[in-house]
């Protein structure tokens, strides 16, 4: 990341596009509300959420690598806390604290330099962290000399750390990439776009349910429509990654188009199993933090390793 | 194989502000950590800026819930009383605070819930309900309820009459009531002033009283309120 984000054409490009989109969407909602007299309460609430989240993300990125990593680590902590509160893991403060420390460790490891190569971000330790985190989680019941019900707590803590802390932590680590703006802004734009397209196509053309036992509102039409948009999208924002050839662009599309919906459904499984609708109520119109980043959690590490395989970070 | 047993936190679907307004508040790791840090900080200020002195700590009951009653002259009162309790007790000590004053805007709401762990007391519309909430609080072992029975801060430094609500709350129960006198808070930070001045604070804790034989009726409640006021006044040493 550069010292002045505005010098990056990628940063400027996304800032321009998103400011434009927000303005157009705002105008559209106003048009619907005051000219066509439609009820736009729901859209307005979601829009207000975006109006806060998008500037927040740009601010974090603008201030540089460390702020970006700290920002996403905080998001990760918020998302895990919601998961813990919804599943009941939160009642066990020992487990919760160990997982939170693990998530903070993911953040620290992403900030510090590799002791051997002196490059920002200690990749080797990031990949090794699950070993230490799982080992620490396993120790808690042993220290307490307790067995009853512990497997559930262990499993919830491991899923919480691996999925919400570590896999999502890959997104923060992308701030160390030489093309940090390109990768981060692409993901942060393409993944929510995929969600919005699935919703919109589903609303317009949706008939057959996609996975009715997991998420009754998702339809085949929504899934296919979103997939199609996500496959085309990398070409539309090709300025984000000039180093990508056709195979990488196809893979980026596949990862977002398929991974985004899988991530969404993954969190839906958790919610459906517990029997709740949203993971929280922090972001009005969007539910909890975890409801907002569900697709990103699945997509970020897949994209990370794809980009790293082809071009290094 | 049996189904797993999930038990979401009761307030998990509320916004952070709704959660703070909720009472009883559910344990929250971040909130507890913030409260602990804030209280260490507040205690440091009370010691350095106000040279707080706490007399009679040995009168505080150890293994049971109790009510702490004190005269009320300043916003310093609740933090000073919290500072006379052991630090590990701050999450189980609840100063009753006027819902119409402390729970209406965000900064005071944040301060009174995060730092002071205040219980919203509805002194205007439905004080009976608030007294019921107090009663439930005291049913949990080792809870501390901090009450200012005058109902408001004194305007002139004198101790006003105690309202009978405290009498209804504890008449006929074995709950110990610990009278406390706070000296110096009125000079340090009276009503209407913006910033506390560096005056000395003295907290005098008296012996616990019990009113197990009293009946929860008007006369007894008034008598209890008077007895408690006398107990607080008798703690004035200089």
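Every number in this text was worked out from the coordinates using simple rules, so none of it is lab data. Just so it is clear, the model here is predicted, and its values are computed rather than measured. All Cβ positions, glycine included, derive from the backbone under ideal geometry; neighbour counts span all protein chains shown.
Computing FRET efficiency as 1/(1 + (r/R0)^6) for residue A:205 and residue A:41, where r is the C-beta to C-beta distance and R0 is 25 Å, gives about 0.55. Our estimate of slack between residue B:110 and residue B:136, defined as 0.36 nm per intervening residue step minus the Cα-Cα distance, is 7.0 nm.
Each label point was placed 7 Å from the Cα along the Cα-to-Cβ direction; for residue A:155 and residue B:29 their separation is 2.1 nm. D for the range A:178-313, whole µm²/s, Stokes-Einstein with Kirkwood Rh over alpha-carbon pairs at 37 °C and 0.692 mPa s: what number? It diffuses with D of about 214 µm²/s by this estimate. If the Kirkwood radius is taken over C-alpha pairs of the range A:1-63, then at 25 °C and 0.890 mPa s the Stokes-Einstein diffusion coefficient equals 187 µm²/s. Taking 1.002 mPa s as the viscosity and 20 °C as the temperature, the Stokes-Einstein diffusion coefficient of the range A:75-176 based on its alpha-carbon Kirkwood radius rounds to 154 µm²/s. Label sites at residue A:7 and residue A:239, each approximated as a point 7 angstrom past Cα along Cα to Cβ, lie 1.9 nm apart. Length gained on full extension, residue B:128 to residue B:3: 40.7 nm, using 0.36 nm per residue less the C-alpha separation.
Take every residue in peptide B:85-98, count the Cβ atoms of other chains within 10 Å of its Cβ, and give the average of those counts. The partial results should precede the final answer.
Working: counts 0, 0, 0, 0, 0, 0, 0, 0, 0, 0, 0, 0, 0, 0.
Average neighbour count from other chains, rounded to a whole number: 0.
Over the protein assembly as shown, what lengths in whole Å, largest first, do the semi-axes of the equivalent ellipsoid take, defined as the square roots of 5 times the eigenvalues of the alpha-carbon gyration tensor?
Values: eigenvalues 574, 129, 117 Å².
After diagonalising the Cα gyration tensor, the semi-axes are 54, 25, 24 Å.
When B:3, A:278, A:291 are sorted by how many other C-beta atoms sit within 10 angstrom of their C-beta, beginning with the fewest, the order is B:3, A:278, A:291. Rg over Rh for the range B:1-130 works out to 1.02, both radii taken from alpha-carbon positions and Rh defined as the Kirkwood radius.
What the Cβ-Cβ distance of residue B:194 and residue B:230 gives, at R0 = 35 Å and to the nearest 0.05, is a FRET efficiency of 0.55. Convex hull volume of the Cα atoms of the range B:77-134, normalised per residue: 77 Å³. Pairwise Cα separations in chain A fall into 20 Å bins from 0 onward with the following percentages, short to long: 31, 58, 11, 0. Top mean-square fluctuation among A:105, A:147, A:180, Gaussian network model of chain A, C-alpha springs under 10 Å? Per the Cα network of chain A with a 10 Å cutoff, A:147 tops the list.
Just the Kirkwood number for chain B, please: inverse of mean 1/r across all distinct Cα pairs, in Å, one decimal.
Details: mean 1/r = 0.0542 Å⁻¹.
With all distinct Cα pairs of chain B included, I get 18.5 Å.
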